[in-house]
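Q: Before anything else, here's the structure in question.
The values are calculated or read from the model by the stated rules, or taken from the named source; none is laboratory data. Remember, predicted model here, so these are calculated numbers, not experimental data. Using ideal geometry, Cβ is built from the backbone for each residue, glycine included, and neighbour counts are taken over all protein chains shown. Note: areas computed on protein heavy atoms with side chains; ligands, DNA, RNA excluded. Shrake-Rupley method; radii C 1.70, N 1.55, O 1.52, S 1.80 Å.
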Amino acid sequence: MIDLRSDTVTRPTPAMRRAMAEAEVGDDVYGEDPTVVRLEEAAAARFGREAALYCPSGVMCNQLWVRVLGRPGDEILCEADSHVVNYEAGAGALLGQAQFRTIPGDRGRLDPDAVAQAIRPEVFPLTPTRVVWVEQTHNRRGGAVTELSRLEALAGVARSAGVALYMDGARVFNAAVAHGVDPAAYGALVDGLSFCTSKALGAPIGSLMVGDADAIAEARMWRRRYGGAMRQAGVVAAASLLALETRVERLAEDHANARLLAAVAAEARPGAIDPATVETNIVSIERVDAPRAVAALAERGVRAGAMDPTTLRLVTHPDVSTEDCRTAAGALAEVLSAQPSVASS
């Protein structure tokens, strides 16, 4: 099967397995795992920040930042299709005691003017806005990138209002490669960010928080409270470190493969996707019977996902080659051509 459901389905490479087997380890709760320390230092350096913290998942990173940047009872302002309000099982409310308010975006990207109008001041009895939340790239909106100029404008709005700007950067390296941006430029604009090594970079486990030393120290305490402190974590951190060192630049291959799929889909089903909007590794095809398309693709040896009843989702990653994507594109053309068009949900 050619698995295009997500970039989380990758398997560790032989080099990753060797690195894991040979990793120098210690007790990370004591801060004594040298491989974890190297990974955290490398992550902080990539974004030009003081410190980083290795966590089991991107969801944990997000929830720790809710605690560190937010304040119980205050508001986090985010885009309506954000991962944090759609796919984290209500953790922000349950664990972080935060109130989320959503506003619509342009393919998931927040408009600075709309954010400026939406921010609530700390005036009784309003719920004050404490954090503005950006997702980079945007999962539910086809891997859309918040461009640097827009991020700079959002940072200006946040600073003027005295609120924090946070980047859920699960796929931030996809954005950096697609737009030719030094990750440190993102790091300079936000109060905190996180990124996954277990998505596009292909490591088996792990995400990292990046920010100021004081914020990361507080996050380390909350990680302990949430049960995320690990012992000889260097065994898995070794794969994340190798992914960070060797797999960022090759993301351009995944982006090219995604555009290949998008071009075929646009030809087979005009109006279902605009290939020009496919910036990174996520392909969202609309106006289809998505569950039916998923089943039909599976019969042809291709695994895909349904974002909703009328949106088919394909995600390229290191475990699928260009030749795999050409094969998948052929199957996709057959399936889309055979289906009647449906209204978007």
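Q: Using only the heavy atoms of the protein chains and a 1.4 Å probe, how would F124, F100 rank by accessible area, largest first?
A: Sorted by accessible area, descending: F124, F100.
Q: Moving to a separate point now. Compute the length gained on full extension between D214 and R326: take 0.36 nm times their separation in residues and subtract their Cα-Cα distance, giving the result in nm to one decimal.
A: Gain on stretching D214 to R326: 35.5 nm.
Q: Another question about this same structure. With a cap of 14 neighbouring Cβ atoms within 10 Å, and only residues DSSP puts in a loop, list the GluC sites (Glu not before Pro) found in region 238-310.
A: Taking region 238-310 and a limit of 14 other Cβ atoms within 10 Å, the loop GluC sites (Glu not before Pro) found are E249.
Q: Determine the per residue accessible area of region 104-169 with all protein chains present and a 1.4 angstrom probe, expressed in square angstrom.
A: Computed with neighbouring chains in place, this is 41 Å² per residue.
Q: Could you compute the FRET efficiency for A93 and E245, with r as their C-beta to C-beta distance and R0 at 30 Å, rounded to 0.05?
A: 0.20
Q: Shifting gears a bit: Out of D81, D168, D113, any idea which swings most in a Gaussian network model of the chain, alpha carbons joined below 10 Å?
A: Answer for the Gaussian network model of the chain: D113.
Q: Using Cα Rg over 2.2 N^0.38 Å as the read-out, say which of (i) 1.04; (ii) 0.94; (iii) 1.00 was calculated from these coordinates.
A: Recomputing Cα Rg over 2.2 N^0.38 Å here picks out (iii).
Q: Give me the net charge for the shell around L95: Cβ to Cβ below 10 angstrom, other residues only, Lys and Arg +1, Asp and Glu -1.
A: In short, +1.
Q: Cα extents of region 281-345 along the three principal axes, largest first, in whole Å?
A: 32, 21, 14
Q: While we're on this one: Give me the net charge for the shell around A45: Cβ to Cβ below 14 angstrom, other residues only, Lys and Arg +1, Asp and Glu -1.
A: -2
Q: Can you list the residues of region 36-66 with backbone N under 12 Å from a point 7 Å past the Cα of E24, pointing along Cα to Cβ?
A: Only 36-39 fall inside the zone, counting backbone N under 12 Å.
Q: Sticking with this structure for a sec: For region 201-270, what's the relative contact order in percent, using C-alpha pairs closer than 8 Å and at least 6 residues apart?
A: It comes to 47 percent, rounded to a whole number.
Q: Provide R120, R300 ordered by accessible surface of protein heavy atoms (probe 1.4 Å), highest first.
A: R300, R120
Q: Could you please state how large a percent of the accessible area of region 166-250 is carbon and sulfur, counting protein chains only and using a 1.4 Å probe?
A: That share works out to 51 percent.
Q: Further question on the same structure: Along Cα→Cβ, 7 Å out, is where each label goes; now give me the distance between the ones at I103 and E267 in nm to one decimal.
A: 4.2 nm
Q: With a 1.4 Å probe and every protein chain left in place, work out the accessible area per residue of region 209-345 in Å², rounded to a whole number.
A: 42 Å²
Q: Between A256, A23, A118, which gets the highest mean-square fluctuation from a Gaussian network model of the chain, Cα cutoff 10 Å?
A: Highest fluctuation of the listed residues: A118.
Q: Considering only protein heavy atoms and a 1.4 Å probe, what is the carbon-and-sulfur percentage of the accessible area of region 55-140?
A: Answer for region 55-140 is 54 percent, counting heavy atoms of protein chains only.
Q: Which far-off residues, 5 or more places away or on another chain, put their amide H under 5 Å from the one on V302, with H placed in the peptide plane?
A: When sequence neighbours closer than 5 places are left aside, the close amide H contacts are I2.
Q: Given contacts defined as C-alpha pairs under 8 Å and at least six residues apart, what's the relative contact order of the chain, whole-number percent?
A: RCO, the chain: 24 percent.
Q: Hey, another quick one. For region 120-168 and region 257-321, what is the centre-to-centre distance using only Cα atoms, to the nearest Å?
A: Going from one Cα centre to the other spans 29 Å.
Q: Would you look at the GNM of the chain, springs on alpha carbons closer than 10 Å, and say which of L77, L94, L154 moves the most?
A: For the chain, modelled as a Gaussian network with Cα springs under 10 Å, the answer is L94.
Q: Magnitude of the Cβ-charge dipole of the chain, K/R +1 and D/E -1, about the Cα centre, nearest 20 debye?
A: Using Cβ point charges on Lys, Arg, Asp and Glu, the chain gives about 560 debye.
Q: Kindly provide the helix-only [θ] at 222 nm of the chain, computed as the sum of -39,500 (n - 2.57) over DSSP H runs of four or more divided by all residues, to the nearest 500 deg cm²/dmol?
A: Using -39500 (n - 2.57) per qualifying helix, the result is -12500 deg cm²/dmol.
Q: Kyte-Doolittle mean at least 0.5 and Cα extent at least 15 Å along the axis: which DSSP H helices of the chain qualify?
A: 58-69, 148-161, 234-246
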